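Okay, structure first, notes after.
The values are calculated or read from the model by the stated rules, or taken from the named source; none is laboratory data. Note that the coordinates shown come from a computational prediction; the quantities given were computed from them, not determined experimentally. Note that each Cβ is placed from the backbone with ideal geometry, even for glycine, and that neighbours are counted across all protein chains shown. Surface areas here come from the heavy atoms of the whole protein model, side chains and all, with no ligands, DNA or RNA. Shrake-Rupley method; radii C 1.70, N 1.55, O 1.52, S 1.80 Å.
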Amino acid sequence: MENRMTQQDLFKLKPLLAVLMASFALAACSVGPDYVRPQLEPAPAVFKEGQDWHPAQPRDLVADGRWWEMFGDAQLNALVAQVDVSNQNLALAEANFRSAVALVQSSRSAYSPTLAASASASRSGGSSSSSSSSSSSSNASTGSVRNSYNFALTASWEADIWGKVRRDVEASQASAQASAADLAAARLSAQAQLAQNYLQLRVLDAQQQVLQDTVEAYQRSYQLTQNQYAAGMVAKSDVIQAQTQLKSAQASALDNGVTRAQVEHAIALLVGKTPSSFSLPKAPLTAVAPPVPQGVPSMLLERRPDVAAAERRVAAANAKIGVAKAAYFPSLTLSASGGYQSSSFADWFTLPGRVWSLGPQLAQTIFDGGARSAATDQAIASYDGTVATYKQTVLTAFQDVEDNLAALRILEQEAAVQNEALLAARQAVTLVTNQYKAGTVSYVSVITAQATALSAELTSLNILNRRMAASVLLAKALGGGWDGHDLDDLGPLQRQQAEKAKALKDNAALR
């Protein structure tokens with residue numbers, strides 16, 4: 001028996017070949033709207049609060065994204081480096097990114113045919129019975145046993161005629177890009193929070209030094225009043241007032257330690273350590289308020305990872321509209337199978353036992369009770385929601401920059417005025433103390449002058465802390481040097497995150 005395909009067989013396959021050619025021709029179609037980035041109102045040419053600044057060039061300050069180096073603090077630089085390695089919120093964002101990338105590959109797999117293999121062996125039997133009509137009825141039974149051996153390879157492929165798979169891949173890719181931007185946003189947020197906490201810690205150290213100096217000064221004043229009381233120059237009330245002032249200053253110094261401990265614990269959490277295993281020794285504040293890393297407003301759309309994530313989610317929602325609309329159209333599935341079937345194990349894989357089938361299947365849902373319409377409406381509503389979220393994210397981004405530009409501008413002016421007040425308060429303490437020693441003023445005047453000086457010292461440091469925080473928040477509001485074009489190719493980022501995940505597992509195994 002000759003098994004070659006004859007011309008007659010080829011003639012019979014012509015309809016199938018025509019279906020194949022038609023499906024490939026229609027595969028260029030994609031239902032659903034093509035994506036267009038949502039239009040926003042024209043952004044202003046400059047920031048409202050930044051018109052009077054003469055900022056340094058943003059590329060000079062954050063060219064490689066290491067914006068925290070603007071503060072010139074080596075300890076801060078070392079701590080920020082630990083955030084990318086040990087922070088658990090970043091680990092969660094990184095895992096979500098890898099999951100999103102895996103979904104892209106899952107969506108792309110629909111382009112390929114599905115191939116399956118199966119093998120089975122079975123033994124079956126049956127029986128039949130016959131009876132006579134005589135009074136002494138007798139029954140006879142006959143039975144048969146049959147063996148069956150099967151092996152088959154099956155392949156099926158659904159032609160992407162209406163672009164359902166392409167839209168699904170498009171949505172998965174956009175979602176993966178949004179997840180990558182979420183990872184960048186989580187990293188930037190952790191870095192900014194760490195920088196803010198660290199600078200606050202150093203300001204608290206400076207406040208602690210001021211309070212300790214104040215306690216020492218009040219101790220001397222207390223001793224002075226005791227000496228003058230012993231000499232009969234002042235009343236007992238002056239001694240009591242000096243003692244009260246001294247104890248209040250000591251209590252303030254102790255209370256400052258509570259805040260410092262809590263900030264230190266927050267830093268430990270950000271670098272992925274337990275508070276009991278982490279400590280930062282007291283050190284003077286060496287960081288200075290950096291120049292303003294200001295850019296043009298339109299740069300926010302490329303430099304803010306949260307804006308990029310919101311925009312990518314709009315693209316994903318847009319593609320899902322196409323996926324929903326593709327359900328209205330028929331699906332074409334091409335399937336083929338081949339294998340061997342025999343009742344004898346010895347003759348299982350022989351040509352007489354060969355079986356095969358090949359053919360297309362066209363399927364169309366005729367009635368579904370409005371399920372497809374509801375799915376399409378849901379996809380459109382989801383798209384409208386992501387557009388609103390994107391626009392709100394952009395508006396919030398502009399507000400963040402304007403808020404911190406205003407804070408830096410006003411706080412700079414406030415710091416200059418406060419420094420003048422501090423110098424005057426220090427001079428007043430010296431003058432009033434000398435007058436008290438000379439007996440020309442009461443001790444109440446000394447207490448008032450000292451309290452005013454201490455308040456001026458602490459206010460100056462508080463303004464400095466707010467200026468540092470505003471500098472950190474402005475760098476964060478401007479994207480921290482992140483570049484939205486990094487989302488164009490997720491391959492390098494995927495490999496980088498995979499290497500980090502492997503390194504973390506290896507370190508955990510070594511422990």
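With a Förster radius of 25 Å applied to the beta-carbon distance between ASN77 and THR274, the computed FRET efficiency rounds to 0.65. Rounded to the nearest Hz, the phi-derived 3J(HN,Hα) couplings of segment 349-360 under the Karplus curve 6.51 cos²θ - 1.76 cosθ + 1.60 (θ = phi - 60°) are 9, 10, 4, x, x, 6, 9, 7, 8, 8, x, x, where x marks glycine and proline. Applying both filters, DSSP loop and at most 15 other Cβ atoms within 10 Å, to the chymotrypsin sites (Phe, Trp or Tyr not before Pro) of segment 322-356 gives TYR328, PHE345, PHE349. Sorted into 10 angstrom bins from 0, the C-alpha pair distances of segment 216-340 split as 9, 13, 14, 16, 13, 11, 9, 6, 4, 3, 2, 1, 0 percent.
Measuring nothing but how far apart in sequence close Cα pairs (under 8 Å, 6+ apart) lie, relative to its length, segment 209-301 scores a relative contact order of 22 percent. Dividing the alpha-carbon radius of gyration of segment 350-429 by the rule-of-thumb value 2.2 N^0.38 Å gives 3.00.
Across all Cα atoms of segment 150-221, the radius of gyration (one decimal) and Dmax (whole number) stand at 30.8, 104 Å.
Segment ASP488..LEU423, full-extension length gain: 17.9 nm, with 0.36 nm per residue of separation and the alpha-carbon distance subtracted. Give me the net charge for the shell around ALA74: Cβ to Cβ below 14 angstrom, other residues only, Lys and Arg +1, Asp and Glu -1. Around ALA74, the surrounding residues sum to 0.
Electrostatic tally near HIS485: other residues with Cβ closer than 11 Å to its Cβ, Lys and Arg +1, Asp and Glu -1, net -4. Expressed as a whole percent, the accessible surface of segment 169-324 that belongs to carbon and sulfur atoms is 55, based on a 1.4 Å probe. Overall shape: prolate for segment 399-439, with the ratio a/c of the largest to smallest alpha carbon gyration tensor axis at 1.5 or above and a/b above b/c.
Need one word for segment 183-230: rounded, prolate or oblate. Basis is the Cα gyration tensor (sqrt eigenvalues a ≥ b ≥ c); a/c below 1.5 gives rounded, then a/b vs b/c decides.
Note, shape of segment 183-230 comes out prolate.
With contacts taken as Cα pairs under 8 Å at a separation of at least 6 residues, segment 405-469 carries a relative contact order of 48 percent. Each of GLN392, VAL314, LEU332 was scored by the projection of its Cα onto the charge dipole of segment 301-455, and the greatest displacement toward the positive side belongs to LEU332; charges sit on the C-beta of Lys, Arg, Asp and Glu.
Hey, got the dipole for segment 196-277? About the Cα centre, +1 on K and R Cβ, -1 on D and E Cβ, debye to the nearest 20?
With Lys and Arg at +1 and Asp and Glu at -1, about 80 debye.
Taking a Cβ cut-off of under 14 Å around GLN223, the surrounding Lys, Arg, Asp and Glu residues balance to a net charge of 0, with basic ones at +1 and acidic ones at -1.
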